[in-house]
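I have placed the structure first, in the form of structure tokens, so that the comments after it can refer back to it.
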Amino acid sequence: MDGTFNENDISHVVEADKAHIWHHLSQHKPYETTDPRIIVEGKGMKVWDQKGKEHLDAVSGGVWTVNVGYGRESIANAVRDQLIKLNYFAGSAGSIPGANFAQKLIDKMPGMSRVYYCNSGSEANEKAFKMVRQIAHAKYGGKKHKILYRDRDYHGTTIGCLSAGGQDERNAQYGPFAPGFVRVPHCLEYRAFEQEGAPVENYGLWAADQIEAAILREGPDTVGSLCLEPVTAGGGVITPPDGYWERVAEICKQYDVLLHIDEVVCGVGRTGTWFGYQHYGIQPDMVTMAKGVASGYAAIACLVTNEGMFDKFKDNPDDPLNYFRDISTFGGCTAGPAAALENLRIIEDENLLENTTRMGDYMLDQLGALMDKHSVIGQVRGKGLFLGAELVSDRDSRAPVPEKQAQAVVADCMAQGVIIGVTNRSLPGKNNTLCFSPALIATKDDIDHILHAVDGALGRVFG
Ligand code: PMP
């Protein structure tokens, strides 16, 4: 902000917003007596609202998106130059930024080779589901069409993605869902005791084995793919227990089940590696990504596959199913790959992966230290700059705090000028995990600032 900001300048915007905007994820009754927050400007880690109030953004635009921070002129310039040259062309034609970004992206993903462009995480996941279904029809008489997904994972907002959605709070209103989606347990060891028949030790291996059990129950010849988040985001910032992913990959291989990893949140640096799955030495068949691909400077999502997947779609020229019968209108926008290319360059040139690991370790450590002071923190977890603190009213029973109290912590931080989030949308009214995902440029001072606000808020809300 340049200091000349005048609240009155945009009072008409507030009125227009109140009259016409249907806000995401919002109950609108409160807007009858209070104004919605309008974010006017951003720079680095900070944003300013319509009242000129400064906020330190610890959630990268609310939903883990603005990985390189706000106000990046070089991305704006790259997009501008590209738009003037060619803004759009869709269908089977390629584009210069599309090919260039694909090349760079694949360099970061050994073993992968093809990039399919679209414009949201949900869309990328839908396309992955469609590939599985098309392969099932082309190769297995339609039989190997089932898609396994996990409790607590989220893959998007469409009915197809909600059919693969493990967060009942988000699903409850929207059935009936698409057939052929099968749920398996989550891998949150901290809540193992809530799972019927689960051991509290070695829970990760038990949870992975439940995937095998589901495949055997459904019939391996009916299961086409398994779709998972590498570190679960909205379901409570869930880091997998040791050995979990290795076992999952082994099971997929054994039963010829395609491994689809949803990197919509973890992708492009969030956890300190380019992709979350790269922490676990595994090799996926399909990877979907969206939020951090261009840090929100343009809408872009990608479905990336290995060459084996791609080959399945071209090995029989006489087969009417021999190409992927799919298109994305806005997958033809060139602003996305132009922004994504510059976004990637920034992450590389500014060593943001290293910074994410260093600052993430520091923040996790400091969150852990807060546990000594606030018994309401039951567990802290996460990877890189993707962290959560689960709040419980009692550490022994692990009973979640009422959601209202978790929301009060968020509101208190907001009043202090720090934006944090709360998540864990598995069950209605059970959001009890504070979440933190500052931009990958975060400094130690930023982290200290965030934690100072959280410390104060926990003290005030829980006494
Ligand atoms: N997958 C995951 C893991 C997500 O968190 C989200 C969005 N929060 C999506 C998919 C859907 O992405 P979009 O909102 O871009 O459709």
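The Cα atoms of the chain define a convex hull whose projected area, averaged across directions, is 22.8 nm². Per residue, the chain reaches -11500 deg cm²/dmol at 222 nm when only DSSP H runs of four or more residues are counted, each adding -39500 (n - 2.57).
Which FRET efficiency value, to the nearest 0.05, do you get for S113 and F177 by plugging their Cβ-Cβ distance into 1/(1 + (r/R0)^6) with R0 = 25 Å? Spell out each step's value before the answer.
On the way: r = 32 Å, r/R0 = 1.29.
After rounding, the FRET efficiency stands at 0.20.
Ranking S375, N432, P402 by how far each Cα lies toward the positive end of the dipole of the range 319-463 (charges on Cβ) leaves P402 at the top.
With only Lys, Arg, Asp and Glu charged, each at its Cβ (+1 for the first two, -1 for the last two), find how big the charge dipole of the chain is about the Cα centre; round to the nearest 20 debye. Charge dipole of the chain: 820 debye, to the nearest 20.
The GluC sites (Glu not before Pro) found in the range 148-252 that occupy coil by DSSP, while having at most 11 further C-beta atoms within 10 Å, are E196, E201. With K and R counted +1 and D and E -1, the other residues having a Cβ less than 14 Å from that of M359 yield a net charge of -3. Summing Lys, Arg as +1 and Asp, Glu as -1, what charge do residues with Cβ under 13 Å from the Cβ of L228 carry, L228 excluded? The answer is -2. As a rough guide to protection, the peptides 220-227, 263-270, 72-79 ranked by mean Cβ packing within 10 Å, highest first, stand as 263-270, 220-227, 72-79. Coupling constants for the range 445-456 follow from the phi torsions by the Karplus curve (6.51 cos²θ - 1.76 cosθ + 1.60, θ = phi - 60°), and in residue order they are 4, 4, 4, 4, 4, 4, 5, 4, 5, 5, 4, x Hz; glycine and proline get x. Contact order for the chain, expressed relative to its length and based on alpha carbon pairs under 8 Å spaced 6+ residues apart, stands at 20 percent. Taking the Cα centre of the range 35-114 as reference, the dipole from Cβ charges on Lys and Arg (+1) and Asp and Glu (-1) amounts to some 160 debye.
Just how large is the dipole of the range 153-293 about the Cα centre, in debye to the nearest 20, putting +1 at every Lys and Arg Cβ and -1 at every Asp and Glu Cβ?
That gives a dipole near 400 debye.
Of the chymotrypsin sites (Phe, Trp or Tyr not before Pro) in the range 264-348, the ones in a loop by DSSP (not H, G, I, E or B) with at most 15 other beta carbons within 10 Å are Y323. Each label was represented as a point 7 Å from its Cα along the Cα-to-Cβ direction; for I96 and K314 these points are 2.5 nm apart.
Take each peptide in 437-446, 35-44, count the other Cβ atoms within 10 Å of every residue, and average; sorted highest first, the result is 437-446, 35-44.
Amide H contacts for G44 (H built 1.01 Å from N in the peptide plane; partners 5 or more residues away or on another chain; cut-off under 5 Å): Y70, G71. Taking every DSSP beta bridge that has both ends in the chain, the antiparallel portion is near 65%. Residues whose amide H falls under 5 Å from that of S393, counting only those 5 or more places apart or on a different chain, are A399, V401, with hydrogens built in the peptide plane. Spin-label model, S11/E41: points 7 Å from Cα along the beta carbon direction are separated by 2.0 nm.
Near V223, the amide H atoms lying under 5 Å from its own belong to K146; only residues 5 or more places off or on other chains count, and H is placed 1.01 Å from N.
Return a single number: how many Lys pairs in the range 74-349, at a sequence separation of 8 or more or on separate chains, have alpha-carbon atoms below 13 angstrom apart.
On the way: K130/K144; K130/K146; K139/K312; K139/K314.
Lysine pair count for the range 74-349: 4.
Given R₀ = 25 Å, what would the calculated FRET efficiency be for I159 paired with L25, taking r from the Cβ atoms and rounding to 0.05? Don't skip to the end; give the middle numbers.
Values: r = 18 Å, r/R0 = 0.71.
Using R0 = 25 Å, I get an efficiency of 0.90.
Tell me the net charge near S92. Cut-off is 13 Å between Cβ atoms, S92 excluded, with +1 for each Lys or Arg and -1 for each Asp or Glu. Before the final figure, lay out each step's value.
Numbers: positive: R325; negative: D326.
Summing Lys and Arg as +1 and Asp and Glu as -1 gives 0.
Listed highest first by mean packing, meaning other Cβ atoms within 10 Å per residue, what order do 334-341, 56-63, 411-418 come in? It would help to have the intermediate numbers written out before the result.
On the way: 334-341: 26.8, 56-63: 22.8, 411-418: 17.9.
Peptide ranking by packing, descending: 334-341, 56-63, 411-418.
How high is the FRET efficiency between K85 and I327 when r is their beta carbon distance and R₀ equals 22 Å, given to the nearest 0.05? Intermediate values should be presented prior to the final figure.
Details: r = 23 Å, r/R0 = 1.04.
E between K85 and I327, to the nearest 0.05, is 0.45.
FYI, it's all coordinate maths here, none of it is from the lab. Keep in mind that this is a model prediction, so the values were computed, not measured. Cβ: placed from backbone, ideal geometry, glycine included. Neighbour counts: every protein chain shown.
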